[in-house]
Each structure stands twice: as structure tokens, then as C-alpha cells.
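The values are calculated or read from the model by the stated rules, or taken from the named source; none is laboratory data. Only a predicted model underlies this, so the values are computations on that prediction, with no experimental measurement involved. Positions of Cβ are backbone-derived with ideal geometry, glycine not excepted, and every protein chain shown enters the neighbour counts. These accessible areas exclude ligands, DNA and RNA; they are computed on the full protein's heavy atoms, side chains included. Shrake-Rupley method; radii C 1.70, N 1.55, O 1.52, S 1.80 Å.
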Amino acid sequence: MLTSSYNIWLVLISILVAVLASYTALDMAGRITAAQGKAARLWLAGGSAAMGSGIWSMHFIGMLAFHLPIAMGYDPWITTLSWLLAILSSAFALHLVTQKQLRNRQLVLGALLIGAGICTMHYTGIEAMRMRPAIHYHVAPVLLSILIAVVASGTALWLTFRLRQHSSRVRLMRIGSAIVMGLAITGMHYTGMAAAQMPANSVSRASYSGIDSLWLASLVVLTTIGGLSVVLITSVVDARLQSRTAALAESLANANQELTYLALHDNLTKLPNRVLLEDRLNQAIQASRRSQTAFSVLFLDLDGFKEVNDVFGHHTGDALLAEVAARITSATRASDTLARIGGDEFVLLAELGDPTSAANLADKLV
């Protein structure tokens, strides 16, 4: 068998890419969940491409870290196929974790399908070397790599589903989760590589007609890190714009609510004004016609109020009006409407069906 070795720097880069791809997946799940309609579909497509390319890049950087004492190369068509498999697996994963619920059955099925997709991508990528004689695989490491892929996929699905919301605390948890997911993905890769054994007379049929290893390493590292960075920056900018838009919408809603309140209420006593009283009267009239019942309207004003303003000033007069409004309100029911229609004039709309009850209420108020 050929003796193999690893470039430690490329191994570390592959781990970094795996962690970055995992964090991108966690962030994309949050963006897709927050978006709607066409925007959600665009984030799903972009997130799937970024996440799948990240996982695929980790795999190939790890393979480029793998050195054999023979010339190496990679078939471009098989390499492209493995990349597409990674994107399809990522699309299914993001679609699954952005649903309203993630039941245990969905979690298990998703872990099996995504794990199978990652393993297929991995071993298809190895076949891109087109080794002859064919690569011999040890069964135990292969089964272990499949198990790691399934468990890692299930863990990633669960973590991604739980960490979809955007907040400062969630971001810190995402970093920790991305590290765990990245280590699991790279663990699966290097376990699968350990299962591959090349006979001593092996040659790579893609070494001359395929992609050069050094060129591929530079291209994959730069493209992947750059692409994932662009996606994350776009996501951060979009999240901030969305947050500002939501804050602006909330401010506008509060302002509209306040303007509506001011348009229908007296500024001094906070009671309904003439406009709102007219609406309440119309409603009471319509209700009495439908149910053949009666209601009462009481008109109140304050004798000598002009003298109070003249002697003590308008500030004291305003305080008197506010106190009168508070006392009348405390003596009525929540279903009654007390309005100030101007100056010292108040109108009370009460659900009292006979004159005697209205007179008793008037005596109580006086």
C-alpha cells in the first residue's frame, strides 16, 4: 500500500472552512425564517449554495492535504458532481430547519438523508482521483464515517432549528455550535480518508488530464472563504436593515396610534371629545333600534366656572376640570362614555333604560 501523509496547514484550513460553513448554515436558517415569499426563496438558494460549497471545499481542502508519493489530479466532471451533491444536501437541510416544527421523525429522517448525501459527496470526491487499481476501503472506518455523518447531521439540524432567531446571545451560541459542527464534519472526512487504501502500484488517471492540485488548492481556499464571507456580510447588512425597518415601522405605528388618540380625545382631561362622542352616540342609537331598548344622555356643566378662571387663573381652572372628570369617571361604569365637548361642558352616555335611573345617577354625580 502507498504511504500517505497530511499537510498540517491545509488540515487546519479545512477545519476553519468547516466551522465557517457551519456558522453560515446557522445564520442562513435565521435569515430564511425571518424572510417571506421571494426573499425567503432567494436566501434558501443562496444559503444552500454557500453552505454546500463550504462543506465541499472543506472536503477537497482535506483531500489536497492528503499526500501520496505519486502525481495526483482530479476529474473535473466527478468533482462537479460531488459539489452539486453537497449543495443539494444543504438545500434539503435548510428547508427542513426553517419549517415551523421539527418533529423527531423528521429529525431522524433528515439526519439519515443528509448524512447519506455528505457521505456520497465525500466518496464521489475521492473517486475524482480516478485511481487505478481501484481504491480499497476498510469496512469499519467506512461504517464509522457514515455513523459520524448521520450523527453530525442530526446534531446540526437540531442546533440550527433551535438557533434560528437573531440576538446577541444566539450569536455566541452559534459560534460554539459552529465549532462543534465543523469538527464533526471534518472528523467524518478524515475518518473516511483513513478507510481508503491505495495499492503500491496505484496511479491517478486524472493527474495529467484533470485539475492540478496546487491550482485547485488556491482556487478552493480563496473562493470558499471569500464566498462565505460575502454571504455572511450580506446577511448581517440585511439583518440590520430589517431591524431598522422594523423599528421605523413600530415608531410609525406608535405615532399613528398617538395621533389617532389625540384626534379623538380631549388633551386636558384625556376624555373622549366631541368627535368620538358622536360616534358612540350613533352606535348607541343603532344598538337601541336593533334591541328595542333605551339609553340615557346626561349633559353637565359647572356653574361659576368662569369666575374660577378669572379669580384663580386658567391653571387652577384646568386642574378643576381634570378633577371633575376624574370624579365623574369614578362614579360611572366602564361601559358608559364620558366626553368633554368644550369648556366646562361634559356629556355622559349611560346604559340606563328609564328616566328614574338616569335621575338617580344625576343626583349621585351632583
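Within segment 124-137, track down each residue that is within 16 Å of residue 204 (Cβ to Cβ) and out of contact with any Asp or Glu (no Cβ under 7 Å at 6 or more places or on another chain).
Residues satisfying the conditions are 124, 125, 126, 127, 129, 131, 132, 133, 134, 135, 136.
Which of the residues belonging to segment 70-101 are over 15 Å from residue 122 (Cα atoms) and either of a type in the set (Val, Ile, Thr) or in contact with a Ser or Thr (Cβ under 7 Å, 6 or more places away or on another chain) (or both)?
Answer for segment 70-101, where residues must be over 15 Å from residue 122 (Cα atoms) and either of a type in the set (Val, Ile, Thr) or in contact with a Ser or Thr (Cβ under 7 Å, 6 or more places away or on another chain) (or both): 70, 71, 72, 73, 91, 94, 97, 98.
How many residues, within segment 56-86, are among the small types (Gly, Ala, Ser) and in contact (Cβ under 8 Å) with a residue 60 or more places away in the chain?
Qualifying residue count for the region: 4.
Looking at 237, 221, 275, 231, which one is open to solvent by 70 Å² or more (accessible area, probe 1.4 Å), more than 27 Å from residue 342 (Cα to Cα), out of contact with any Cys (no Cβ under 6 Å at 6 or more places or on another chain) and β-branched (Val, Ile, Thr)?
237
Report yes if some residue within segment 298-312 is touching a Gly at 6+ places or on another chain (Cβ under 8 Å), in a strand (DSSP E or B) and at pLDDT 90 or above; otherwise report no.
Yes, because at least one residue in segment 298-312 is touching a Gly at 6+ places or on another chain (Cβ under 8 Å), in a strand (DSSP E or B) and at pLDDT 90 or above.
Which of the residues that make up segment 257-278 are over 18 Å from residue 332 (Cβ atoms), in a helix (DSSP H, G or I) and more than 42 Å from the chain's Cα centre (by Cα)?
274, 275, 278 - these are the residues of segment 257-278 that are over 18 Å from residue 332 (Cβ atoms), in a helix (DSSP H, G or I) and more than 42 Å from the chain's Cα centre (by Cα).
Return yes or no: is residue 124 in a helix (DSSP H, G or I) and buried (at least 17 other Cβ atoms within 10 Å of the Cβ)?
yes
Output the number of the condition that residue 326 fails; it satisfies all remaining conditions of (1) open to solvent by less than 40 Å² (accessible area, probe 1.4 Å); (2) of a type in the set (A, V, I, L, M); (3) not in a loop (DSSP other than H, G, I, E, B).
(1)
Would you pick out the residues in segment 127-140 that are surrounded by fewer than 18 Cβ atoms within 10 Å (Cβ to Cβ) and among the hydrophobic types (A, V, I, L, M, F, W, C)?
Passing the criteria: 134, 135, 139, 140.
Can you give me the number of residues within segment 329-366 that are among the hydroxyl-bearing types (Ser, Thr, Tyr) and open to solvent by 50 Å² or more (accessible area, probe 1.4 Å)?
Of the residues in segment 329-366, 4 are among the hydroxyl-bearing types (Ser, Thr, Tyr) and open to solvent by 50 Å² or more (accessible area, probe 1.4 Å).
Is there a residue in segment 250-268 that is among the β-branched types (Val, Ile, Thr) and in contact (Cβ under 8 Å) with a residue 60 or more places away in the chain?
The answer is no, given that none of the residues of segment 250-268 is among the β-branched types (Val, Ile, Thr) and in contact (Cβ under 8 Å) with a residue 60 or more places away in the chain.
Provide a single number: the residues in segment 278-310 that are surrounded by fewer than 13 Cβ atoms within 10 Å (Cβ to Cβ) and among the aromatic types (Phe, Trp, Tyr).
Qualifying residue count, segment 278-310: 1.
I want to confirm something. Restricting to segment 76-130 and keeping residues that are basic (Lys, Arg) and under 24 Å from the mean Cα position of the chain (by Cα), which single residue is nearest to residue 46 (Cα to Cα)?
Among those that are basic (Lys, Arg) and under 24 Å from the mean Cα position of the chain (by Cα), it is 100.
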